[in-house]
1. Sort 4, 104 from largest to smallest accessible area, using a 1.4 Å probe on the heavy atoms of the protein chains.
2. Once R0 is set to 41 Å, what does the formula 1/(1 + (r/R0)^6) return for the Cβ-Cβ distance between residue 134 and residue 64, expressed as a FRET efficiency to the nearest 0.05?
3. Return the calculated 222 nm mean residue ellipticity for the chain, to the nearest 500 deg cm²/dmol, obtained by summing -39500 (n - 2.57) across DSSP H runs with n ≥ 4 and dividing by the residue count.
4. Quick one: which of 45-57, 164-176 comes out on top by average Cβ neighbours within 10 Å, and what's the full order, highest first?
5. Run the quick spin-label model on residue 161 and residue 12: label points 7 Å from Cα toward the beta carbon, then report their separation in nm to one decimal.
6. Run down the lysines and flag those whose C-alpha is under 27 Å from the C-alpha of residue 92, throwing out any fewer than 8 positions away in its chain.
7. Highest mean first, how do 139-150, 7-18 rank when packing is the count of other Cβ atoms within 10 Å averaged over residues?
8. Would you mind pulling out the separation of the Cα centroids of the range 39-65 and the range 126-161, in Å?
Amino acid sequence: MKEYDVKITETLEKTVTVQAENRDAAEEQVRTAYYNSEYILDSENFTGVVFGTQAEREIQQEQAPMMDVLLIRPNMYPQAVQVGCELEDLQKAVGGYIQAVYPYEDPVALVMDEEAKLTGKDLNRALRDQDGDIYDIIAGDFLVVGLGEEDFSSLSPELMEKFEKKFHQPEMFVRMGRSIMALPLPDDKVKKAGAPVMDAPITHKSCHDRDSL
């Protein structure tokens with residue numbers, strides 16, 4: 001897309017009759033009368049219009065801000081991806097209404113689909129306490145994002161590397177009586193990256209401030 005400056009030139013004409021000694025005197029007499037507003041040209045004196053392009057410029061499109069985050073999908077290794085900062089972008093990335101949890105001392109959040117278990121999405125990764133015991137399991141896709149002063153932000157390279165290692169190996173889950181055991185998924189069972197990050201559009205909430213999640 002470009003933008004152009006186009007000059008519009010309208011032509012008005014009117015012929016008046018005067019008496020004078022010569023051509024120059026006649027023109028001077030009419031010129032003086034015109035500047036004294038004795039002759040007024042209006043729409044009745046319109047004879048034509050000309051359009052001329054004066055300048056051409058490329059329009060610079062502003063790109064929406066993006067965040068560098070980590071996408072964790074069931075049965076897949078983590079992927080470093082870019083997502084938009086708006087609520088709709090985060091919801092598309094995880095495929096549902098978003099919920100954010102802050103289980104680590106590092107300035108990161110886990111952004112996930114809050115209804116993933118209710119809708120039967122695949123179990124993804126286990127969350128463990130300081131003793132290594134499982135206290136929750138995330139279902140469906142989720143993001144590891146950085147924390148800014150008021151909202152989410154890109155992960156630093158150090159945090160990107162740290163949490164890639166933390167969530168590197170996909171997990172499978174086996175029920176043992178009343179408990180569930182998380183086991184590393186064998187490498188030959190890991191799915192290859194390639195499925196689209198953004199799933200089908202969904203209804204979204206009205207605010208993406210992290211404190212409201």
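1. 4, 104
2. 0.65
3. Values: 3 runs with 31 residues, N = 213.
So the helix-based figure for the chain works out to -4500 deg cm²/dmol.
4. Working: 45-57: 9.4, 164-176: 14.1.
Result, highest mean Cβ count within 10 Å first: 164-176, 45-57.
5. It is 7.4 nm.
6. Counting by Cα, and skipping residues close in sequence, residue 92 has these lysines nearby: 117, 121, 162, 165, 166, 189, 191, 192, 205.
7. Output ranking for 139-150, 7-18: 139-150, 7-18.
8. 55 Å
The values are calculated or read from the model by the stated rules, or taken from the named source; none is laboratory data. These numbers were taken from a predicted model, which means no experiment stands behind them. Neighbour counts are summed over all protein chains in view; Cβ atoms, including those assigned to glycine, are modelled from backbone coordinates with ideal geometry. Only protein heavy atoms, including side chains, enter the accessible area calculation; ligands, DNA and RNA are left aside. Shrake-Rupley method; radii C 1.70, N 1.55, O 1.52, S 1.80 Å.
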